[in-house]
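One structure is given below, encoded as structure tokens.
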Amino acid sequence: MLYHLLYPLHTDISALNVFRYITVRSIGGAVTAFLIMLFLGPWFIRKLKQYQVGQVVREDGPETHLAKQGVPTMGGVLILFAVTVSTLLWARLNIQVVWLVLLVTLFFGLIGAIDDFRKIKKKSSDGLSARGKLVMQIIGASAVGLFVLLHPEYDGQLSVPFLKDIQPDLSWFYVIFAVLVIVGSSNAVNLTDGLDGLAAGPVVISASVYLIFSYLAGHAVLAEYLQIPHVPGAGELAVFCGAIVGACLGFLWFNAFPAQMFMGDVGSLALGGALGGVAIIIKQEILLAIVGGIFVMEALSVILQVGYFKYSHGKRIFLMAPFHHHFEKKGWHESKVVVRFWIVSIILGLFALATLKLR
Ligand code: 57M
């Protein structure tokens, strides 16, 4: 909005020229979202306590988690508020993909909110049924699939990191692939969100990497030089990614151990959906498995554990799944697990950036 309001005045006030630059607006988006979180956070936590929006902790988990009973949850509502306000303030609003990704993110947030509400109302860890959640997620992700189908620049080809000459063509299967990426990413972030700061940290790192890739994808000259797909308008998604980075950093302020609030499914499903959406729109789909390697690893640990548990009639591969519980059960302190997962996430983020040159 600021772009539309202020940039036209640059002929009279030359300083307003800065609103033209995506870099400046991405930083503006990040700082705005961060400050919204920081200033509204304490008030929001008080309101969550007042309305008794508290976490119901499962009894079958690590014992240390029983102390977390009643910690205010649904902090994701504030994250989504901060992301929406700063994206609307700093992005160019005449770019379709900004609206698409923002609306899909909010829709995934809505699914999570329904789930959270049910859990809080019933005071149990059963929210929406897994099937109900999945159907709604597929409906939301299909909006991106439909966009891809209707826009000729999405030709069904995949960008394979490190291998610029290999671009498998999925043809119209690409639409199904897009839905799988978004739904998978949303659920993987949700599974990861089980320790203080564990989901928000890697989301900050992944969104920072996608901020850079979005900027490059939207820049015709740089995209050609780096031999990555050029997607007109994608640069504005850098502003959206900046807003996610800022909002999640602000959330971490309160979610760092010992957490004053959790994000809830409203936050985790939305943030995962957002990352998946950006990855599809800027055509850096496979890269998400590298950048979000922590999320992939957590989801895989659950698939392997549940599969083996059923196959072997009760045996386990890990002490407990998702993977972070395994380390807790081994006696690592929660903060140690979280910081070590962040370290791995940073390394993976750097590795993902290296794909720009190593190809
Ligand atoms: C939700 N949610 C946390 C919070 C957060 C198929 C199965 C493996 C699924 C999996 C599952 O349900 N995972 C997704 C993970 C919960 O946090 C809430 O949920 C939101 C995210 N969706 O924002 O609102 C608990 O996580 C802890 N937490 C923190 N700090 C945070 O910042 O400490 C969350 C955020 C909170 C709090 O304790 O209550 C969750 O774990 O429920 N299921 C599991 O994860 C269960 N695993 C399991 O049963 N594994 C089995 C195999 C055979 C399936 C096994 O390995 O034996 C575990 N869940 C829990 N305890 N809580 C079991 C142990």
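Tabulated data for the structure shown
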| item | result |
| --- | --- |
| Conditions (1) in contact with a helix residue (DSSP H, G or I) (Cβ under 7 Å, 6 or more places away or on another chain); (2) more than 30 Å from C241 (Cβ to Cβ); (3) crowded, with 19+ Cβ neighbours inside 10 Å; number of the one not met by I120 | (1) |
| Single condition L38 does not satisfy, out of (1) surrounded by 20 or more Cβ atoms within 10 Å (Cβ to Cβ); (2) within 21 Å of the chain's Cα centre (by Cα) | (1) |
| Long-range neighbours under 6 Å by Cβ, at least six apart or interchain, first residue at positive phi within the range 280-294, second among the hydroxyl-bearing types (S, T, Y) | K283/S159 |
| V77 being within 16 Å of the ligand (Cβ to nearest atom), surrounded by 13 or more Cβ atoms within 10 Å (Cβ to Cβ) and over 30 Å from V179 (Cα atoms) | no |
| Counted residues, the range 56-86 - those being polar (S, T, N, Q), closer than 18 Å to F257 by Cα and modelled with pLDDT of 90 or more | 2 |
| Residue in the range 40-47 that is aromatic (F, W, Y), at pLDDT 95 or above and within 16 Å of the ligand (Cβ to nearest atom) present | yes |
| Hits in the range 1-15 - residues which are open to solvent by less than 80 Å² (accessible area, probe 1.4 Å) and within 32 Å of the chain's Cα centre (by Cα) | L2, Y3, H4, L6, Y7 |
| Top-ranked residue in the range 123-135 [being open to solvent by 50 Å² or more (accessible area, probe 1.4 Å) and free of Cβ contacts under 8 Å to residues at least 60 places away in the same chain; ranked as nearest to I244 (Cα to Cα)] | L134 |
| Residue check, F262 within 11 Å of the ligand (Cβ to nearest atom) and open to solvent by 10 Å² or more (accessible area, probe 1.4 Å) | yes |
| The range 316-359, residues that are crowded, with 21+ Cβ neighbours inside 10 Å and part of a loop (DSSP other than H, G, I, E, B) | A321, P322, T355 |
| Of all residues in the range 165-202 being more than 8 Å from the ligand (Cβ to nearest atom) and of a type in the set (D, E), the one that is modelled with the lowest pLDDT | D165 |
| Verdict on L102 being surrounded by fewer than 24 Cβ atoms within 10 Å (Cβ to Cβ) and outside any helix (DSSP H, G or I) | no |
| So G70, is it more than 28 Å from P322 (Cα to Cα) and either in contact with a strand residue (DSSP E or B) (Cβ under 7 Å, 6 or more places away or on another chain) or part of a helix (DSSP H, G or I) (or both) | no |
| Flag for F108 being without any contact (Cβ under 8 Å) to a residue 24 or more places away in the chain and either within 13 Å of the ligand (Cβ to nearest atom) or under 30 Å from W332 (Cβ atoms) (or both) | no |
| Among the candidates I303, I280, residue that is under 17 Å from the mean Cα position of the chain (by Cα), of a type outside the set (K, R) and part of a helix (DSSP H, G or I) | I280 |
| Verdict on L304 being surrounded by fewer than 18 Cβ atoms within 10 Å (Cβ to Cβ) and under 28 Å from I139 (Cα atoms) | yes |
| Subset of the range 118-136 [hydrophobic (A, V, I, L, M, F, W, C) and under 21 Å from the mean Cα position of the chain (by Cα)] | L128, A130, L134, V135, M136 |
| Hey, V18 β-branched (V, I, T), open to solvent by 50 Å² or more (accessible area, probe 1.4 Å) and within 22 Å of the chain's Cα centre (by Cα) or not | no |
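The values are calculated or read from the model by the stated rules, or taken from the named source; none is laboratory data. This is a predicted model, so every value here is computed, not measured. No Cβ is skipped: glycine too gets one built from the backbone with ideal geometry, and neighbour counts run over all protein chains shown. When the accessible area is computed, the model is the full protein with side chains, heavy atoms only, and any ligands, DNA or RNA have been set aside. Shrake-Rupley method; radii C 1.70, N 1.55, O 1.52, S 1.80 Å.
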